[in-house]
Amino acid sequence: MLSVRDLRVTYHGHGAVPAVRGVDLEVAGGQRLGIAGESGCGKSSLAMALLRLLPRSAEVSGEVRLDGEDVLGMSFGRLRAVRWAAASIVFQGAMHSLNPVHRIGRQITEPLLLHRTVPPDQVQTRVEELLAQVGLPAWRANSFPHELSGGQRQRVMIAMALACEPNLVIADEATTALDVMIQAQVLELITRLARDRGIALVMISHDLSVLSSTCDRVAVMYAGRVVEEGPAHEVFATPRHPYTAALAGAFPTVGDEASRLRPRGLGGDPPDPAHLPPGCPFQPRCDQAVEQCGSTDVALRAAAADRRAACVHIGGEAG
Amino acid sequence: MTLLSAQGVGVHFPVRGRRGGTARAVDGVDLDLAPGEILALAGESGCGKTTLARAMLGLVRPNAGTISYDGDPLRYDAASLKRYRRQVQLVLQDPTGALNPRHTVYEAVAEGLRIHGHTDDEPGRVAQALSRAGLRPPERFFLRYPHELSGGQRQRVVIAGALALDPKVIIADEPVASLDASVRGEILALLLRLRDEFGLSALVVTHDLGLAWNIADRLAIMYLGRVVEVGPVAEVLREPRHPYTQALVSVLPNAPGDEPRQPIVLSGEPPDVSRIPGGCRFHPRCPKIADGTAEAAGLAGACRTEDLPVLGGADSAVACHLVR
């Protein structure tokens, strides 16, 4: 469905800032891939690059294939056809993604008319159908965004993303700003709809625990690269990369004695993409760093069956 | 022993456009904070947790009930409030918004000292506050501006500003919600250390039960302006008794290797505080009513019509007709 090879994103402004530094991803139809990482790790740049939504100042290289079609080489007209219809994105701030002066119904109608997915006389029915799918009553089509709660607005965004029946949905921190209960509602909705229609899902979040319970596979990003990748629950339960371990520990699981009254964090701050340290970019914050880490950067290597991680401590045993 | 306490506190706001309409944001809450205790106040947005925290800081005057500090009811004249705020300090959610971008770290931390007239050894006090907040060596940060710092460092500056006056209580509203995952643990560890080393009490307002598990001694769960369950953290989170708490805990991600929980996803949004349902305020969303448990126990009528008494602030207690 989606295949990404050596994707790189570099922002040019005051000097070159490499935000994404060579990422490979593979998502099959109906599969849910989670991308975890902190702010500045390049996960949102990656998401935007998948649909070429980045500004001109960003230089994108590598290969993105959607259903076998090369996205980066697409003509602009073809790209417009692909956005929404083949792949769509749900962003974090629904308040800022919805137009405040248009009614909800009209905003959902827009992609439907643009892509002519349904005949104009059936648009109304389709809007009601979409609202029903995300658990909103049909009369909500006449509401303005400010009349809806945060959770409802996020559901409108999901309805829009599904409007043209795409094969791929990218959710960039789609539930981060929501309350736990609303988050659970929205996550349940996204995963159910994806499962029922065989939609491939790319979920981006800083919360590894949420990804591990909703995705099949998860890739952890640090400083523009994937540092660990594998089946979601395994990566969360037995992280191999020290960064993944720290990220997993940052969100305690309630009931886990080891984290009770013992918040775990990482010293130091996420690296500035413009000034990456030499060697392994995680080395200045790593408690397992050895001398070699300051000079050699490690590529992803096999860590166990179906799992890869980028750390010098791996590899020895797994080759 | 209670240091800071709320007794029957209610905070009401007029509702625009509806005559005589009031939103009872906090609708009768008892809550006690002991010296050296970390108490987490959790609930969904709109449940009144922030309003209650603001009332406990003396920032809003409750329409009902009293806030007492060290046994004395809070008085709302300017001089008393000023004295009170030396003891009880606030840490806000977003450090970028809480810091003036044109003030240096030194000025940000010294501001409170100047307002309260502590002019002796200002640099020494600022340095001590910064170093307690984990910014070491403090002198290196004096002349830095907020934009030169990372998110975690900014939050430490905000905490240092609160610590400069040597308070007894810190009230922190979502102290890590805007921080990166890896930095979050460090700030929480700092709050724990301040308690252990200086006996500081803290009321931490959060929607994140994981945070409560991480650092709090006790946990109070709020729903629509009332505390519906309160008790030691391990007890409330391991064996939640209120159906609302049970639902909140059930949707948390599982511990690795744990038996997957059956998530109880409540439908709908929390209702509006200007239209609080009669009877138990949770009954329209309560899974125990929906699945007939309440009916079978012969309590469904009570759930729909009888309001529950306000919970005591100190012990562990549950506001549910089914838990008696």
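Nothing in this text is a laboratory measurement; each read-out follows from the coordinates by a stated rule. What you see is a predicted model, and the numbers here were worked out from it, not measured in a lab. Using ideal geometry, Cβ is built from the backbone for each residue, glycine included, and neighbour counts are taken over all protein chains shown.
Observations
- Relative intensity of the stretch A:27-99 on a log10 scale, I(q)/I(0) at q = 0.11, 0.15, 0.16, 0.20 Å⁻¹, equals -0.32, -0.61, -0.69, -1.09, per a Debye sum over C-alpha point scatterers of equal strength in the absence of solvent.
- Quarter the surface of the alpha carbon convex hull of the protein assembly as shown and you get the mean projected area, 31.3 square nanometres.
- Compactness of chain A, expressed as Rg and Dmax over alpha-carbon positions, Å: 20.4, 68
- In the stretch B:35-128, the trypsin sites (Lys or Arg not before Pro) that fall in loop regions by DSSP, at most 14 other Cβ within 10 Å: B:R75, B:R102
- Calculated Rg and Dmax of the stretch A:200-244 using C-alpha coordinates, Å: 9.6, 29
- Charge dipole (Cα centre; +1 on Lys/Arg Cβ, -1 on Asp/Glu Cβ; no other charges) of chain B amounts to roughly 840 debye.
- One chain, two ends: A:D6 and A:H146. Fully extended at 0.36 nm per residue, the span grows by 46.3 nm beyond their Cα-Cα distance.
- The orientation-averaged projected area of the convex hull spanned by the Cα atoms of the stretch B:1-116 comes to 9.5 nm².
- Note on B:A79/B:T119: beta-carbon distance plugged into 1/(1 + (r/R0)^6) with R0 of 22 Å gives a FRET efficiency of 0.75.
- Pairwise label distance in nanometres, A:A258 with A:L53, each label 7 Å out on the Cα-Cβ vector: 3.6 nm
- Sequentially through the stretch B:245-251, phi angles give Karplus couplings (6.51, -1.76, 1.60; θ = phi - 60°) of 4, 4, 5, 4, 5, 5, 8 Hz, Gly and Pro residues having no value and appearing as x.
- Kirkwood radius and radius of gyration were both taken over the C-alpha atoms of the stretch B:146-267, and their ratio Rg/Rh is 1.01.
- Amide hydrogen neighbours beyond the local backbone of B:V205, cut-off 5 Å, H modeled: B:L41, B:A172, B:D173, B:E174
- Lysines whose Cα lies under 16 Å from that of A:K43, excluding same-chain neighbours fewer than 8 positions away: none
- Globularity ratio of the stretch A:1-138, using Cα Rg and 2.2 N^0.38 Å: 1.20
- Alpha-carbon centroids, the stretch A:22-84 and the stretch B:260-287: separation in whole Å: 40 Å
- The stretch B:184-324: proportion of alpha-carbon pairs further apart than 18 angstrom, %: 61 percent
- Residue among B:C280, A:S3, B:G21 farthest towards the positive dipole end of the protein assembly as shown, charges placed on Cβ: B:G21
- Whichever lysines have a C-alpha closer than 19 Å to that of B:K168, once near sequence neighbours (fewer than 8 apart) are set aside: B:K82
- Overall Cα dimensions of chain B, principal axis frame, Å, largest first: 68, 52, 41
- 11 Å beta-carbon shell around B:R132, net charge (K/R +1, D/E -1): +2
- Distant alpha-carbon pairs in the stretch A:176-316 (separation over 19 angstrom), percent: 57 percent
- Applying D = kT/(6 pi eta Rh) to the stretch B:60-133, where Rh is the Kirkwood radius over alpha-carbon pairs, T corresponds to 37 °C and eta to 0.692 mPa s, the Stokes-Einstein value obtained is 225 µm²/s.
- Inter-label distance, nm, simple model (7 Å from Cα along the C-beta direction), A:R192/A:H102: 2.8 nm
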